[in-house]
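To start, the structure itself, in structure tokens.
Please treat every number below as a calculation from the coordinates, not as lab data. The structure presented is a predicted model; accordingly, all values stated were derived computationally and were not measured. A quick note on method: Cβ atoms are made from the backbone with ideal geometry, for glycine too, and the neighbour counts reach across all protein chains shown.
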Amino acid sequence: MLRVFNSESRRKEAFVPIEAGKVRMYVCGMTVYDYCHIGHARVLVVFDVLYRYLRHKGFEVTYVRNITDIDDKIIRRAEEQGVAMRGLTDRFIDAMHEDAARLGVLEPTLEPRATDSMEAIIAMIRELEERGYAYRAENGDVYYDVSRFEGYGRLSGKNPEDLRAGARVEVGEAKDDPLDFVLWKAAKPGEPSWDSPWGPGRPGWHIECSAMSTTTLGNRFDIHGGGQDLQFPHHENEIAQSEAATCEHYVNYWMHNGFVRVNEEKMSKSLGNFFTVRDVLEAYSGEEIRWFILSSHYRSPLNYSDAQLDAARAALHRLYNALEGVEPGETADAGFAERFEAAMDDDLNTPEALAVLFECASELNRAREQGDDARAGELARTLVDLGGVVGVLQSDPADYLRGGGAGELDADAIEALIEQRNRARAERDFAEADRIRDALADQGVQLLDGPEGTRWQRT
RNA sequence: GGCUGGGUGGCAGAGUGGCUAUGCACCGGAUUGCAAAUCCGCGUCACGUCGGUUCGACUCCGGCCCCAGCCUCCA
């Protein structure tokens, strides 16, 4: 039985889908005006793992991950670069898809774009207006009337009165209440806009998620996810909008992943301390980044550092080394699989699940030492299958260990040097043999002498 | 100021009212020409701090200290 931590109740709850055997989940994706950084990678990977695990457990999952492609920052960025907004967002959507693919993230079932959902957005605002939850301000904007919604703050544990007390009021805002938020923004000259009953304009930040989730998954669905920073106000506002518009309970389980930190500080655009996925991919593989992300629990902070990425690299090296040269058998080991699932069932405890993989690899190595091929094959099967549940260890071990290294020595050159070295070894010219080995090591090639000859891998 | 979450061995990082987390690093041994990889062994106060509950607490309760986050755009 899967248990998940529901941010709304702040406790782990047994996961029971609305419709038996089926799961409907929505995750807030990117606002596409720049490249994804490692914080975005964490959302992509964490919910990809949830998606994979739910499917592994036999659920039929409808996974919706939206794209926000209309927003003030996008408009500003397009202006700065002197390009059309759609061109800018298309470009960063492509880049996001490339990054996701390299991180081994499966494509969601649906990936709606806000600008393609304008009808639904306008329809929902009209519904709110009809029900008396929206009002038009003097400046032409349409706002949501928070005071009308009972239970505002229940997701984030905030009290509306406290929020009002500490609220900052921006110049030029025409709200009745500082907690009110914009549903529809009247267009200023030159801005991208859509026609609406309130004149040309664009949707506010939160309404697109309410509209897209409802139109794709229905008024009520199982899981809604996103980064912790979306809990308030974004998700709180989504609840207010959706429940006011549909009169139904919106989401059963809210899941939020923790932040990526750099030197004990949140990685974020505004602090400028972020590393983009593509920059990190210059030095580390997508699988290494994925392992790094999974090596801590999804709700805990994740400290970004080269040492952590190096540790991920070492971990994958160890596991692929265990798998290399072993033909996975037909059946898996039930004991490891059970422990792995118990860990995952416990609110996706990936560090614990990865520990099971390590133990499986140790036992696999022991079986190999003892020449027990059947047992080794069974354990290799286990490792590959369980790895697949979290999206790792799916490469051919030999390719993984010897691949990459573009522009460096190719395999033929390496093997020629190994032959040269082995001739020297046969003549007991160890000085020459070690010279060749050291030269290869300088090129990132490590030699492994065994009874059956010399193997090599890249480090 | 209000509200969250957290402080575990050299590092990373799970977890439990009494029993080995796991990985890396270190040290010793096996293996090796020497290495590497692998195996075996190795942390007897590792659990922020001060009290309390208990036969027994790192694990429960309370105070304190410290860290991060939200309350403003942010995954």
With a ≥ b ≥ c from the Cα gyration tensor eigenvalues, square-rooted, and the rule rounded for a/c under 1.5, otherwise prolate when a/b > b/c and oblate otherwise, region A:155-280 is rounded
In terms of the alpha carbon gyration tensor, root eigenvalues a ≥ b ≥ c, rounded if a/c is under 1.5 and otherwise prolate when a/b exceeds b/c or oblate, region A:58-136 is oblate
Please figure out what share of the DSSP beta bridges in chain A is antiparallel and state it in percent, rounded to the nearest 5.
55 percent
For helix A:72-81, what angle does its Cα long axis make with the longest principal axis of chain A, in degrees from 0 to 90 and rounded to 10?
70 degrees
Show log10 I(q)/I(0) for region A:226-354 at q = 0.15, 0.16 Å⁻¹, two decimals, from a solvent-free Debye sum over equal Cα scatterers.
-0.92, -0.99
At q = 0.12, 0.14, 0.15 Å⁻¹, the log10 of I(q)/I(0) for region A:306-403 from a Debye sum over equal Cα scatterers comes to -0.36, -0.48, -0.56
Pull up the cross-link candidates among the aspartates and glutamates for residue A:188, meaning alpha carbon to alpha carbon under 16 Å and not fewer than 8 places away within one chain.
A:71, A:72, A:79, A:138, A:141, A:173
Give me the one-decimal Kirkwood hydrodynamic radius in Å for region A:411-458, with the sum taken over alpha-carbon pairs.
10.6 Å
Once the cut-off is 24 Å, how many percent of the Cα-Cα pairs in region A:91-201 end up in the long-distance tail?
46 percent
Furthest towards positive pole of dipole, A:44, A:2, A:356, structure part chain A, Cβ charges
A:2
Average the reciprocal distances over every distinct pair of alpha-carbons in chain A, invert the result, and give the Kirkwood radius in Å.
24.8 Å
Degrees, to the nearest 10: A:38-56 long Cα axis against longest axis of chain A
80 degrees
Would you report the distance distribution of C-alpha pairs in region A:1-125 as whole percents per 5 angstrom bin, up to the bin with the largest distance?
2, 9, 17, 19, 17, 15, 11, 6, 3, 1, 0
Does region A:207-290 come out rounded, prolate or oblate, given a ≥ b ≥ c as the square roots of the eigenvalues of its C-alpha gyration tensor, rounded meaning a/c under 1.5 and, failing that, prolate meaning a/b above b/c?
prolate
Report, in whole Å, the centroid distance computed from the Cα atoms of region A:246-301 and region A:102-116.
17 Å
Can you give me the relative contact order of region A:411-458 as a percent, contacts being Cα pairs under 8 Å and 6 or more apart?
24 percent
Count neighbours as other Cβ atoms within 10 Å of each site's Cβ, and list the trypsin sites (Lys or Arg not before Pro) in region A:367-459 that are DSSP loop with at most 10 such neighbours.
A:428
Along the charge dipole of chain A, pointing to its positive end and built from +1/-1 on Cβ of Lys, Arg, Asp and Glu, which listed residue (A:445, A:321, A:280) has its Cα farthest out?
A:280
Going toward the positive end of the dipole of chain A, with +1 on Lys and Arg Cβ and -1 on Asp and Glu Cβ, which of A:187, A:409, A:213 do you reach last?
A:187
If every Lys and Arg gets +1 and every Asp and Glu gets -1 at its Cβ, then about the Cα centre region A:1-127 yields a dipole, in debye to the nearest 20, of 720 debye
Out-of-range pairs (alpha-carbon distance over 31 Å; input A:22/A:266; A:73/A:266; A:22/A:185; A:12/A:158; A:12/A:266):
A:22/A:266; A:22/A:185
Cα centre as origin, Lys/Arg/Asp/Glu Cβ charges: region A:306-403 dipole, Debye
340 debye
Here D for region A:1-69, in µm²/s, from Stokes-Einstein with a Kirkwood Rh over Cα pairs at 25 °C and 0.890 mPa s, works out to 182 µm²/s
What GluC sites (Glu not before Pro) does region A:195-263 have in DSSP loop regions with at most 15 other beta carbons within 10 Å?
A:248
Which angle from 0 to 90°, rounded to the nearest 10, does the C-alpha axis of helix A:430-442 make with the longest principal axis of chain A?
10 degrees
Suppose a student asked you for the relative contact order of chain A, using Cα pairs under 8 Å spaced at least 6 residues apart; what percent would you report?
16 percent
Charge dipole (debye, nearest 20) of chain A; +1 at Cβ of Lys and Arg, -1 at Cβ of Asp and Glu
660 debye
Quick one: which residues, 5 or more positions from residue A:141 or on another chain, have an amide H under 5 Å from its amide H? H modelled 1.01 Å from N in the peptide plane, none for Pro or chain starts.
A:186
